[in-house]
Every structure is written in structure tokens, then in C-alpha cells.
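Okay, structure first, notes after.
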Amino acid sequence: MHHGQLGIKRHLLTNGRLNAERIAKDGDTIDFLPVVKLFTPDASCTWLLTEIDPENEDVAFGLCDLGRGCPELGSVSLAEIAALRGQLGLPVERNLHFEADKSLTAYADEARLLGRIKT
């Protein structure tokens, strides 16, 4: 099932709220399936994002691969991603056909072994 851009943002914010509630309750986090895959068509950057911080909607969390062989879990600025351009000056795109088939930590474990995100 494909979401439009607003549906994706709503899903990311919902996940962010659910995770904030879970952390406040017992300190644990929820291992969500990635909601969206972003990539640079003219560079080797990829992001699999699971949530947006409900307190700061510019901050998303996910698996970030900047093409240097060491993908890592962390927070990223959506404004910085939007401003990023690859070698040919192309903006970051959303993979319209991405469907997560495992949790974010499963993607992260695999990416650490391969040195890149594989979807």
C-alpha cells in the first residue's frame, strides 16, 4: 500500500508519538518497519526512516547510509536532506515502490555486514 506524502508524514509522526510514549513508560523503544526510503539518484546516499520527532518535526530517525561503507542508526534533519544535492545537482527522491519487509534493526544489522543498505 502506497501512501501519499502527507500519509507518510502522518505515519512517521504517529510512530514518533508511539515511541515517545513507550520511552516515557518503560525506557524501551519500538523497532518499527521503515515507513519511507529516500535516496540520492546521483550519489550513494540512502535513508530508511521510521519516525519523526513529535517535538521537532524537522528531526527524523532511521538508518542513514551516506555511501561511505558505514550505515548507522540515528537522527537526521529533514531540511538537510531536502537541501542535499548529488554530483549532478539532483535532489533527494522518495522510492515510490519501497515496501519494508523487516524491522529497522534487521535492515541495520544487514547493512553493517554489507557496508550499505540493501532493499
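The values are calculated or read from the model by the stated rules, or taken from the named source; none is laboratory data. Since the structure is predicted, the reported quantities are computational estimates derived from the model, not experimental observations. In this analysis, Cβ positions are derived from the backbone assuming ideal geometry, glycine residues included, and neighbour counts consider all displayed protein chains. Note: areas computed on protein heavy atoms with side chains; ligands, DNA, RNA excluded. Shrake-Rupley method; radii C 1.70, N 1.55, O 1.52, S 1.80 Å.
Tabulated results
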quantity	calculated
Charged-residue dipole, Cβ positions (Lys, Arg, Asp, Glu), the chain about Cα centre, Debye nearest 20	280
Accessible-area composition of the range 3-102, carbon plus sulfur, in percent [1.4 Å probe]	52
Per residue accessible area of the range 1-109, 1.4 Å probe, in Å²	58
Largest-first ellipsoid semi-axes for the chain, taking √(5λ) over the Cα gyration tensor eigenvalues, angstrom	23, 17, 13
For the chain, with +1 on Lys and Arg beta carbons and -1 on Asp and Glu, the positive-most of G69, T50, G16 along the dipole	G69
Square roots of five times the Cα gyration tensor eigenvalues for the range 1-50, Å	25, 14, 7
Surrounding net charge for F61, when Lys and Arg each add one and Asp and Glu each subtract one, Cβ distance under 11 Å	-2
Projected label distance in nm at H97 and A24, using a 7 Å step from Cα toward the beta-carbon	4.1
